[in-house]
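Here's the structure, in structure tokens; my notes come after.
A short reminder: the numbers here are calculations on the coordinates, not readings from a lab. Treat the numbers as computed from the prediction; the structure is a model and nothing was measured. Here the Cβ is made from the backbone with ideal geometry for all residues, glycine too, and neighbour counts use every protein chain on show.
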Amino acid sequence: MTGGRGRNDPSGYLLVAFFTVPFLLFTVAPLLFGVYIAFTEWGIIGAPRWVGLANFREALADPWVANAFRNVVRYALIIVPGVTVLAFLFALYVHQRWPLSTLARTLFFTPNVVSATVIGLVWVWILDTQFGVLNHYLGLLGIPRIPWLTSPDWSLTGVALASIWWDLGLAFVLFLAALQDVPEDLYDAAAIDGASRLRQLWHVTLPQLRPVISMVVTLQLIATMRIFSQVYVMTNGAPVGSSASPVHYIYQVSIVQYRLGYAAAISVLLFLLIVLVTILQRLLLRERVRG
Amino acid sequence: MAEGWRALFRRRLPGTNLTIGDVPLWAAGGFVAILWGLPFVWMVSTSLKPAGQVMTRDVEWLPREVIFDNYIKILTQYPIARWAFNSLVVAGVATALCVLFGAMAGYALARLRFRGRDALFALFLASIMIPIEVAVVPLLLAFIKAGLASTYAALILPTIANVFAVYIFRQFFLTFPAELEEAAIIDGAGRIAIFFRIALPLARAPAIAATVIIFTLNWNNFLWPLLITFDESMKTMPVGIAAFAPVVGTHTQLEGFAVAMAAVTLLCIPSVLLFLLLQKHFLRGISSGAIKA
């Protein structure tokens with residue numbers, strides 16, 4: 001094992017292998033295996049039975065699958081714009097480096113480092129219909145009590161609010177880093193031209209931040225399509241599936257009903273949807289995602 | 001006169017870059033930041049209240065009297081110490097392996113030439129787009145059939161290959177000064193020895209960033225531990241405490257929100273503490289990694 005600088009250094013394989021073996025075993029193989037399982041009927045006990053496209057046909061006709069995919073679109077319509085716009089505004093604020101901006105940065109990011117169980121339970125308590133803090137203050141504004149997590153009309157919104165609070169930190173940090181990279185002389189030039197701060201924001205900051213906006217939207221969209229843990233903790237999909245997401249339904253089918261073949265088929269559909277959305281989104285914003 | 005006003009608005013407050021005209025905006029943003037932190041205040045405050053003072057007509061932000069009964073109850077009547085131990089073992093071992101393997105791979109991909117290197121890195125990057133949920137059902141089946149359900153091995157193994165770790169180390173080693181390696185090569189040291197003796201000890205910054213970020217991810221991991229543990233004593237802390245959710249278990253109906261808030265406060269402590277102590281590493285790591293692991 002002498003260190004050569006030639007074209008092919010075998011120690012490279014050894015160094016990479018420690019990562020690559022678990023990567024192949026626990027990421028790539030399950031993915032391929034999952035596609036196979038989707039074409040079978042397989043419970044926890046017994047052998048797989050090839051059923052062809054039956055699982056996919058069933059999934060496309062299953063009203064609960066349709067419901068879960070409809071819900072994930074609704075989640076995305078609330079969470080993605082909510083996170084992107086708020087994170088952008090918060091980052092602009094912290095970027096000013098006014099007094100106490102470091103403290104504000106900490107406050108905006110901290111929810112991102114806690115677990116879904118924390119987010120879920122704290123927000124179940126905040127959104128409590130009778131004694132929740134939110135309804136209390138809405139009541140002071142004359143708004144009647146909202147059954148945030150117990151009514152089919154509101155449960156998805158309730159979970160989405162908690163998700164925005166949880167997810168925002170990542171987008172916020174990415175925006176903040178990007179703002180620091182905008183060349184100072186662009187602002188100086190705009191200021192000499194007499195551009196107001198709002199015009200500078202529109203003509204300098206936003207165009208410079210286009211790639212990172214695209215990246216944030218893509219990352220948040222993918223994260224939202226995989227939404228599960230906060231749904232599980234806050235509503236468990238209830239009432240009547242009004243807040244259930246695709247991953248939540250996959251969980252139910254696999255763990256509660258033990259129908260692993262069917263669960264795998266729904267996973268494959270979700271995967272295809274995520275790939276489709278990512279491609280469409282990239283074509284629309286036509287910016288390469290970094291990383 | 002108008003000029004005088006404008007000049008006043010543009011005057012900076014001493015020692016800051018805040019102008020007088022900006023004060024309202026500064027205060028409004030500060031208000032939002034405080035609002036953003038309030039759920040944590042409410043969580044801790046509720047956890048310190050006696051059961052009878054939790055559901056009050058008016059919102060009481062601070063407890064009338066501070067008691068620790070809820071914490072004593074959660075620590076003595078629930079297996080929370082066991083869950084915390086499980087979480088520490090799982091997140092600790094997984095993070096250590098993940099960072100070490102990530103550093104090795106990152107170094108090789110940045111500094112060594114071998115056939116298939118770039119294709120391999122492209123494969124790693126492409127895999128970021130794959131939602132783990134697609135792999136979850138087959139993994140579950142495989143681990144159950146292998147008789148590994150509810151074991152540390154099952155909880156740890158699927159989390160040790162994290163592309164984020166590779167990426168962050170590769171970025172670091174791409175700009176690593178070659179002279180440091182060349183001297184050792186002349187002395188006849190092998191590449192693997194160079195990695196362990198020279199490169200790794202100098203990679204403190206990416207190592208800290210990767211460790212705090214990946215530890216937090218592992219500590220908070222939810223779906224996989226939920227699926228693979230059927231045994232109460234093998235649950236991790238987030239999954240065990242999730243039974244306090246009214247839709248999942250009956251603890252909160254029985255005990256009230258004060259005990260539940262004590263449980264989640266304990267669950268917050270490691271990741272929040274780690275973040276507050278190593279904030280700079282954490283944030284720099286995330287923005288330079290720029291991929292959601």
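In table form, for the structure just shown:
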item	result
3J(HN,Hα) from dihedral phi, the stretch A:220-227, Karplus parametrisation 6.51/-1.76/1.60, rounded to Hz, x for glycine, proline	5, 4, 5, 4, 5, 5, 9, 3
Trypsin sites (Lys or Arg not before Pro) lying in DSSP loop within the stretch B:66-113, provided at most 16 other Cβ fall within 10 Å	B:Arg113
Per-selection metrics, the stretch B:69-287 (Cα): Rg and Dmax in Å	20.6, 71
Span-like helix ranges in chain B, DSSP H, alpha carbon extent 27 angstrom or more, Kyte mean at least 0.0	B:23-47, B:80-111, B:257-277
Relative contact order %, chain A, counting alpha carbon pairs below 8 Å whose residues are six or more apart	28
Per residue Cα convex hull volume in Å³ - calculated over the stretch B:204-293	117
Test item: Cα-centred dipole of the protein assembly as shown, Lys/Arg +1 and Asp/Glu -1 on Cβ, debye	780
Principal axis dimensions, the stretch A:191-291 - Cα atoms, whole angstrom, descending	67, 27, 20
A:Gln96 paired with A:Ala61, simple spin-label distance in nm, labels 7 Å along Cα-to-beta-carbon	6.0
Label-point separation in nm, A:Tyr36 to A:Leu138, each point 7 Å along Cα→Cβ	5.0
Cα centroid separation, the stretch A:4-76 to the stretch B:10-67 (Å)	45
Efficiency of FRET between A:Leu53 and A:Leu77 - r from beta-carbon atoms, R0 25 angstrom, step 0.05	0.20
The protein assembly as shown, helix-only ellipticity at 222 nm - DSSP H runs n ≥ 4, -39,500 (n - 2.57), divided by all residues, nearest 500	-21000 deg cm²/dmol
Binned Cα-Cα distance frequencies in chain A - 5 Å width, integer %	1, 5, 9, 11, 12, 13, 12, 11, 9, 7, 5, 3, 1, 1, 0, 0
Trypsin sites (Lys or Arg not before Pro) within the stretch A:194-291, DSSP loop, no more than 12 other Cβ atoms inside 10 Å	A:Arg286, A:Arg288, A:Arg290
Cβ-based exposure ranking for A:Val35, A:Val118, in which fewest neighbours within 10 Å come first	A:Val35, A:Val118
